[in-house]
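What follows is a structure written as structure tokens; I'll ask about it next.
Bear in mind that the values in this text are calculations on the coordinates, not laboratory data. All values reported here derive from a predicted model rather than from experimental measurement. Methodologically, a virtual Cβ is constructed for each residue, glycine included, from the backbone with ideal geometry; neighbour enumeration extends over all protein chains shown.
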Amino acid sequence: MLALVVLLGVGCGGAPAVRSSDPDWVQPGLRQQGKASFYSNALAGRPTASGERYRPEKFTAAHLDLPMGTIIRVHRLARDNRPTGQTVEVRINDRGPYGGKRILDLSMAAARSLDMVRSGVVMVEIEVLSIPPKRRNRR
């Protein structure tokens, strides 16, 4: 069932709507809370939105709006929204989730670090640690 949920895709809900073409809103320290899920191993080797292949053993994630290459810290939250102490740092290399009111899709390695494989979906708080340098438009 979980693999089906992950294969169908998941989506961003409860997060502020922002324009991914204007990443000036993203600054280190920015935080967002919501639900996270993870990619199925069945997707290994498939291309991500960044052009990289999905590698379950890497610490990567998908977010709808954060610029590619952004490094975030993911804090797992308990049912009362208090931090559990489980954290992981990941790099954004894909777009999504697209359904289910989620804010983040994590790689399998990241999901294991947060001890969320059994539950499938958990509450998290993400914190932007660094953003990639802006690229100049080439004409």
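Under the 0.36 nm per residue contour assumption, what length would be gained going from the current alpha-carbon distance of Ser40 and Ser130 to full extension? Please list the in-between numbers first.
Details: separation 90, 0.36 × 90 = 32.40 nm, distance 2.67 nm.
Taking Ser40 through Ser130 to full extension adds about 29.7 nm, to one decimal.
Another question, then. Can you give me the distance in nm between label points at Val26 and Arg73, each placed 7 Å from the Cα along the Cα-to-Cβ direction?
1.8 nm
Can you pull out the trypsin sites (Lys or Arg not before Pro) in the stretch 94-124 that DSSP calls coil and that have at most 14 other Cβ atoms within 10 Å? Provide the component values of the computation, followed by the final result.
Values: sites: Arg95, Lys101, Arg102, Arg112, Arg118; in loops: Arg95, Lys101, Arg118.
Sites meeting the loop and neighbour criteria: Lys101, Arg118.
Which aspartates and glutamates have a Cα lying under 20 Å from the Cα of Lys134, excluding residues fewer than 8 positions away in the same chain?
Filter leaves Asp22, Asp24, Glu52, Asp65, Asp94.
Next up: Net charge near Asn81: determine it from the other residues with C-beta under 15 Å of the C-beta of Asn81, scoring Lys and Arg +1 and Asp and Glu -1. Kindly include the intermediate steps, with their values, before the conclusion.
On the way: positive: Arg31, Lys35, Arg76, Arg79, Arg82; negative: Asp80, Glu125, Glu127.
Value of the local net charge: +2.
Computed on alpha carbon atoms, what radius of gyration and Dmax characterise the stretch 26-130, expressed in Å?
Looking at the stretch 26-130, its Cα Rg and Dmax stand at 12.4, 37 Å.
Then there's this: Under the 0.36 nm per residue contour assumption, what length would be gained going from the current alpha-carbon distance of Arg55 and Gln33 to full extension?
On the way: separation 22, 0.36 × 22 = 7.92 nm, distance 2.52 nm.
The span from Arg55 to Gln33 would gain 5.4 nm if fully extended.
Using the Cβ atoms and a cut-off under 12 Å, what net charge is assigned to the surroundings of Met123, where Lys and Arg are +1 and Asp and Glu are -1?
Details: positive: Lys35, Arg76, Arg79, Arg82, Lys101, Arg102; negative: Asp80, Glu125.
Within the 12 Å Cβ shell, the charges total +4.
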